[in-house]
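The structure appears below as structure tokens.
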Amino acid sequence: MRLSFLMLAFFAGTSIVSAAEPFEAFLKNHCIRCHGPDQVERDLRIDQLSRDFKSGQDGHLWGEIVERINAGEMPPEDEPQPTENEIATVISQLDTRIREGRAARMAARPPVAHYRLSRQEYQNTVYDLLGVRYDPTQPGELNADPLWHGFERIGSQLSLSPSHVERYYRASEIVLSRAFPEKPVESQLVHKSAAEIRYSGGQRQQAYLERFGIKRPLRALIFPGRELQALQPNWFGANANQSGLYRARLQVSGVRPPGGQTPHLRIGKRTGEGTNEGLIELDILAPEDKPEIIEFEVFLEMPTSLDFNVVVTDIISRDKGAHHRNILGGSDYVFTHTSETTLLNPTGPKLFDEEGNGIFSFVLLDWIEWEGPIESEAERATRTDVLPPADASLEVVTQHLNRFAQRAWRRPVTDDEVRPYILAYQEELAAGEDSASAYQIALLGVLNSRNFTYLVEGDTQARPRLNDFELASRLSYFLWSSMPDQALFDAAAQGKLTEDQLAQQVDRMLADSKIERFVSDFPRQWLQLHRVGMFPPDGNLYPEYDVWLEASMREEVEQYFREVFDNNMSIDEFITSDWTMANSRLCKFYGLPAPKTSGVHRVAVTPEDHRGGLLTMGAILGLTSDGTRHRPVHRGVWISEAIFGKTPPPPPANVDPIEPNPPDSPKATIRQKIAAHTQNANCAACHRKIDPLGLAFDQFDAIGQWRTHERVDKGTGQDPLVDPSGEMPDGRTFADAEQFKQLVLEDRDRFLQGLIEHLCSYGLRRVLTVDDQQDIQAIVEEAKQKNYQLKDIVRAVALSDLMKKR
């Protein structure tokens with residue numbers, strides 16, 4: 001009842017505002033003691049906040065104060081409490097002052113805003129513009145994008161330094177050279193047998209087999225910890241430098257010990273002895289006598305070398321296993337079939353037990369073939385009519401360049417705007433260049449214009465809303481992370497991005513295959529998945545952790561988000577569920593039944609599995625760890641940011657770190673150690689709100705494994721029991737993570753608003769302000785009417801009034 005009354009007062013406008021501005025007396029009586037000259041909690045001095053609401057200097061802080069008073073969080077329970085009438089009056093007064101300044105703050109914004117494309121968006125845009133594949137993450141290409149709480153597309157963070165300009169110019173040269181090569185690119189098929197790859201042709205080994213009368217072909221045994229070449233540039237001869245999309249087919253099978261890990265084949269560039277990048281990850285489930293043919297497509301920057309590597313954790317150490325690997329990798333070790341191993345290699349390492357079961361997990365390769373580069377008709381069609389005829393007049397050249405610039409700049413373009421590039425074209429002709437080379441200089445100019453590398457919103461004359469072309473780009477970069485397609489361009493040109501017609505376009509975009517980019521990009525940024533593996537777990541403490549498990553954890557999150565989105569499920573599924581998305585490696589880690597086929601599958605979980613929802617996924621639990629131990633405070637901060645959309649203030653300077661347990665002291669949990677921080681008055685207020693959110697997951701260690709006791713390396717006594725109980729800031733208590741999830745579900749509207757704010761920051765490419773709250777609330781109300789379903793929420797954001805504003 002109180003909340004309803006307060007919300008009514010919040011939106012009541014000026015009807016109950018007194019001319020005397022009573023909020024100063026309220027702040028003096030209830031706030032200044034903890035946020036004033038004598039005491040500064042949360043690094044906030046309310047007495048020093050600007051009262052010039054039109055300037056907006058401290059508008060976000062005043063907005064937070066209103067929110068906390070309205071939620072009953074200020075003043076704290078142990079302080080004298082105001083009456084409901086006093087609360088309603090101060091909320092109405094502050095809200096009115098904040099609203100009065102909104103128009104002035106909006107008018108103070110610069111008339112034109114520029115938002116640089118992220119690397120991912122640049123990659124997608126050049127592909128959709130010219131059908132060209134380009135990887136900006138390769139060494140020497142575009143600089144990494146700075147992050148803001150995981151988001152890589154916030155305009156204020158994406159600057160353009162001189163080094164950026166040079167790299168963008170080089171990138172555009174690469175893109176155009178691939179779009180319009182001097183010689184047509186021809187696809188080539190290369191087939192390599194195991195004998196060619198493993199035994200340099202295998203003539204000597206084949207003669208050895210013939211002496212024993214063995215008819216089976218040679219196979220390559222790929223043993224954990226030793227690489228085998230999967231691709232060499234010289235396989236393609238003169239075409240070794242042709243970057244593009246390649247299709248690979250390989251015939252493989254696997255051997256695994258009873259109860260052991262599924263052999264996992266990783267294909268990628270070598271990074272060290274026995275390690276490589278995970279360009280392609282494959283679970284090999286086919287048995288030796290029934291090998292499977294696996295096919296995949298991958299973009300390759302050529303020339304490149306790729307290696308096979310089998311990734312499992314249940315292997316002998318590198319030191320002890322060196323002798324095994326040297327023998328197995330030597331040319332004298334011959335392999336055809338497990339039944340013939342002892343016959344062919346009587347003095348070789350033992351790979352099978354007395355019953356013929358494998359002792360280690362390994363992969364058997366029969367052959368591999370590569371085909372490429374591959375280019376589709378649709379990709380070639382994007383370049384249709386970009387180049388003018390060789391004998392084209394200057395007028396025709398200008399028309400071609402204008403049409404290209406309109407697509408590249410994502411708006412109508414005048415001849416005056418392309419004239420500098422036409423002049424460059426003419427200068428190249430005068431210098432003796434042929435028309436094709438001269439025209440590419442003009443194209444380079446278009447692709448290096450800020451109109452291409454930036455999303456430009458606004459005019460020299462300030463306006464509050466986007467025009468149709470700007471809206472088309474905002475929508476396409478929100479949902480597709482790329483430029484508008486022709487249908488969206490046409491709708492913008494015809495003024496059809498309004499009401500029902502806008503809804504039709506958004507529905508079409510949500511159904512397009514390019515929505516996969518949103519499904520991949522948004523959860524990665526929202527949930528800060530870049531932090532997974534940032535601090536690699538200590539191999540001595542967590543020997544079960546490997547690169548395959550890490551990749552499986554990341555994929556679980558993305559595939560889970562995809563499942564919820566594709567089926568338009570409620571966002572409640574993000575908090576708790578009776579299912580998850582896992583492959584065989586993750587199932588083994590979680591203790592779930594292994595799937596019978598390779599890849600990621602939807603699998604059921606029970607309460608005894610302690611999984612379900614995002615919060616108990618290995619990736620989420622591990623991304624806040626430091627590689628040696630879990631960090632409850634960091635987990636709490638992550639939940640506050642990602643789930644509730646609230647970033648806690650930074651800790652005070654010179655906060656003492658948590659020290660290791662002394663050898664002569666009783667073993668203590670991290671929870672017991674961080675309790676000391678709450679004794680500091682300057683820390684207590686924040687820890688009261690943050691710590692319970694992270695401590696709820698204390699039954700999961702640094703890599704997300706379930707446990708009942710906390711491992712403490714030093715100290716006396718037994719490893720202590722973990723205590724995941726806690727109390728929410730509003731006084732509700734929980735005993736463990738499952739009860740905590742239920743409390744979060746009771747607060748689903750807070751989670752809903754936090755998710756919508758993250759979606760809006762992602763779509764608007766900026767940090768939200770107090771001036772956005774009314775529009776955010778409108779989206780929240782619509783989402784609640786749609787039963788909190790994820791795809792409907794994304795649709796509501798795309799169609800919202802906020803998305804149409806500058």
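Consider all pairwise Cα distances in region 417-463 and report the whole-number % of them above 16 Å. Write down the numbers at each step before the final one.
Details: 513 of 1081 pairs.
Result for the distance tail: 47 percent.
Excluding Asn568 itself, calculate the net charge of residues whose Cβ lies under 14 Å from the Cβ of Asn568, where each Lys or Arg counts +1 and each Asp or Glu counts -1. Please list the in-between numbers first.
Details: positive: Arg562, Lys786, Lys791, Arg795; negative: Asp507, Glu563, Asp566, Asp572, Glu573, Asp792.
Net local charge, Asn568 excluded: -2.
Just order 570-579, 533-542 by mean Cβ neighbour count inside 10 Å, highest at the front, would you?
Working: 570-579: 18.9, 533-542: 15.1.
Peptide ranking by packing, descending: 570-579, 533-542.
In the structure shown, do any of Lys183/Lys514; Lys290/Lys596; Lys269/Lys290; Lys596/Lys791; Lys646/Lys689; Lys673/Lys714 have a Cα-Cα gap over 19 Å, and if so which?
Values: Lys183/Lys514 31 Å; Lys290/Lys596 15 Å; Lys269/Lys290 29 Å; Lys596/Lys791 31 Å; Lys646/Lys689 11 Å; Lys673/Lys714 14 Å.
Beyond 19 Å: Lys183/Lys514; Lys269/Lys290; Lys596/Lys791.
With a 1.4 Å probe and all protein chains left in place, how much of the accessible area of region 126-201 comes from carbon and sulfur atoms, in whole percent?
Of all accessible area on region 126-201, carbon and sulfur atoms account for 50 percent.
With a 1.4 Å probe and every protein chain left in place, work out the accessible area per residue of region 657-806 in Å², rounded to a whole number.
Working: 6430 Å² over 150 residues.
Dividing the accessible area of region 657-806 by its residue count gives 43 Å².
Please report, largest first and rounded to whole Å, the three semi-axes of the ellipsoid equivalent to region 107-207, where each semi-axis is the square root of five times an eigenvalue of the C-alpha gyration tensor. Working shown, then result.
Working: eigenvalues 381, 67, 27 Å².
Taking √(5λ) for each Cα gyration eigenvalue gives 44, 18, 12 Å.
In the P(r) worked out for region 676-806, what percent of Cα pairs fall beyond 21 Å?
Working: 5022 of 8515 pairs.
For region 676-806, the share of Cα pairs beyond 21 Å comes to 59 percent.
Short version: what are the Cα gyration tensor semi-axes of region 487-618, square root of 5 times each eigenvalue, largest first, in whole Å? Intermediate values should be presented prior to the final figure.
Numbers: eigenvalues 261, 57, 32 Å².
That gives 36, 17, 13 Å for the three semi-axes.
Tell me, what is the per residue accessible area of region 362-415 in Å², probe radius 1.4 Å? Could the numbers behind the result be given before it?
Numbers: 2390 Å² over 54 residues.
Using a 1.4 Å probe on heavy atoms only, each residue of region 362-415 averages 44 Å².
Excluding Lys215 itself, calculate the net charge of residues whose Cβ lies under 15 Å from the Cβ of Lys215, where each Lys or Arg counts +1 and each Asp or Glu counts -1. Please report the intermediate quantities before stating the final value.
Values: positive: Arg211, Arg216, Arg219; negative: Glu210, Asp289, Glu340, Asp366.
Overall, the nearby charge balance is -1.
If you add up the charges near Gln157, with Lys and Arg at +1 and Asp and Glu at -1, over every other residue whose beta carbon is less than 15 angstrom from its beta carbon, what do you get? Present the calculation step by step, with values, prior to reporting the outcome.
Working: positive: Arg116, Arg119, Arg153, Arg765, Arg766; negative: Glu121, Asp145, Glu152.
It works out to a net charge of +2.
Which whole-Hz ³J(HN,Hα) couplings does region 343-357 yield from phi under the Karplus relation 6.51 cos²θ - 1.76 cosθ + 1.60, θ = phi - 60°, glycine and proline marked x?
Values per residue, Gly and Pro as x: 4, 7, 9, x, 9, x, x, 7, 10, 9, 7, 5, 9, x, 7 Hz.
If I model a spin label at Arg211 and Glu369 as a point 7 Å from the Cα along the Cα→Cβ vector, what separation in nanometres do I get?
Reported label-point gap for Arg211 and Glu369 is 3.4 nm.
How much mean residue ellipticity at 222 nm does the chain get from its helices, if each DSSP H run of length 4 or more adds -39500 (n - 2.57) and you divide by all residues, to the nearest 500 deg cm²/dmol? Walk me through the intermediate numbers first.
Values: 31 runs with 330 residues, N = 806.
Helix-only estimate at 222 nm: -12500 deg cm²/dmol.
Mind giving me the FRET efficiency for Thr275 and His530? R0 is 22 Å, r the Cβ-Cβ distance, nearest 0.05 is fine. Show your work: numbers first, answer last.
Working: r = 20 Å, r/R0 = 0.93.
Approximately 0.60, to the nearest 0.05.
What accessible area per residue comes out for region 568-648, rounded to a whole number of Å², with a 1.4 Å probe?
Per-residue value: 33 Å².
Starting with the highest mean, order 180-189, 271-280, 203-212, 222-231 by the number of other Cβ atoms within 10 Å, averaged over the residues of each peptide. Intermediate results must be reported in sequence, preceding the final value.
Working: 180-189: 11.1, 271-280: 15.2, 203-212: 12.9, 222-231: 22.2.
The packing order, highest mean first, is 222-231, 271-280, 203-212, 180-189.
Just to check I understand the Karplus step: with θ = phi - 60° and J = 6.51 cos²θ - 1.76 cosθ + 1.60, what whole-Hz values come out for region 397-411, glycine and proline as x?
Each residue's phi maps through the Karplus curve to give 4, 4, 5, 5, 5, 4, 5, 5, 5, 4, 6, 5, 8, 6, 6 Hz.
Give the long-range amide H neighbours of Ala230: residues separated by 5 or more places, or on another chain, with amide H under 5 Å away, using H modelled in the peptide plane at 1.01 Å from N.
Leu306, Asp307, Phe308
If I compute solvent accessible area with a 1.4 Å probe over the protein chains, what percent of it on region 652-806 is carbon and sulfur?
Summing carbon and sulfur atoms, their accessible area is 48 percent of the total for region 652-806.
Applying the Karplus parametrisation 6.51 cos²θ - 1.76 cosθ + 1.60 with θ = phi - 60° to the phi angles of region 515-522, what ³J(HN,Hα) value in whole Hz is obtained for each residue in order, glycine and proline being reported as x?
5, 4, 5, 5, 4, 7, 6, 5
Just the Cα atoms of region 572-614: what Rg and Dmax do they give in Å?
Expressed in Å, the Cα Rg and Dmax of region 572-614 come to 9.9, 29.
If you take all C-alpha pairs in the chain, what percent of them are over 52 Å apart?
Details: 81152 of 324415 pairs.
Result for the distance tail: 25 percent.
The values are calculated or read from the model by the stated rules, or taken from the named source; none is laboratory data. Just so it is clear, the model here is predicted, and its values are computed rather than measured. Please note: Cβ atoms are built from the backbone with ideal geometry, for glycine as well, and neighbour counts cover all protein chains shown. The accessibility values were calculated without ligands, DNA or RNA, using every heavy atom of the protein model including side chains. Shrake-Rupley method; radii C 1.70, N 1.55, O 1.52, S 1.80 Å.
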